[in-house]
Amino acid sequence: MPRILLAEDDDSLRGFLARALERAGYEVTACADGDEAASHLDESWDVLLTDIVMPGLDGIEVARLAAAKHPGLRIMFITGFAAVALAAGDAAPPGAKVLSKPIHLREIVAEVERMIAA
């Protein structure tokens, strides 16, 4: 079963995302911030799905740490800040995908499925 590390500081969105991904057949570890997500980076993951703007470590820093430990890890950012999304493309590890909120849960699940299939 593919494993997803999810980092999202919005409690309700984190819960919705985790449930949608679990229903789609993924094992999800949901973290409330970047620091908590970083504490799980010694584990093996198929996808890192992270918000960009969070307390503690931001999503870009979590992605950099994750990419250093797991070359080839698929990384997807979600953000509600358009300017942050544009800047993330330059700062993120190569191959990372950036999705802007609001986004429908089905779209995120479909994007994760595409990333895993690639």
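Here the condition is being of a type in the set (S, T, N, Q) and either surrounded by 18 or more Cβ atoms within 10 Å (Cβ to Cβ) or closer than 17 Å to ARG106 by Cβ (or both); of THR50, THR29, it holds for THR50 alone. Taking first residues from the range 50-62 that are farther than 13 Å from GLY80 by Cβ and in contact (Cβ under 8 Å) with a residue 40 or more places away in the chain and partners that are crowded, with 22+ Cβ neighbours inside 10 Å and among the polar types (S, T, N, Q), the Cβ contacts under 8 Å between residues at least 6 apart in sequence or on separate chains come to VAL62/THR50. All of ILE116, ILE60 fail the test of being in a helix (DSSP H, G or I) and either modelled with pLDDT under 80 or within 16 Å of CYS31 (Cβ to Cβ) (or both), apart from ILE60.
Can you spot a residue in the range 23-34 that is in a helix (DSSP H, G or I) and under 19 Å from GLU113 (Cα atoms)?
Within the range 23-34 (the criterion being in a helix (DSSP H, G or I) and under 19 Å from GLU113 (Cα atoms)), the answer is yes, since at least one residue qualifies.
Does the range 1-38 hold any residues that are without any contact (Cβ under 8 Å) to a residue 12 or more places away in the chain and over 18 Å from SER100 (Cα atoms), and which are they? Answer for the range 1-38, where residues must be without any contact (Cβ under 8 Å) to a residue 12 or more places away in the chain and over 18 Å from SER100 (Cα atoms): ARG19, GLU22, ARG23.
The values are calculated or read from the model by the stated rules, or taken from the named source; none is laboratory data. Computed from a predicted model, the values in this text were never measured in an experiment. Neighbour counts run over all protein chains shown; Cβ positions are idealised from the backbone, glycine included.
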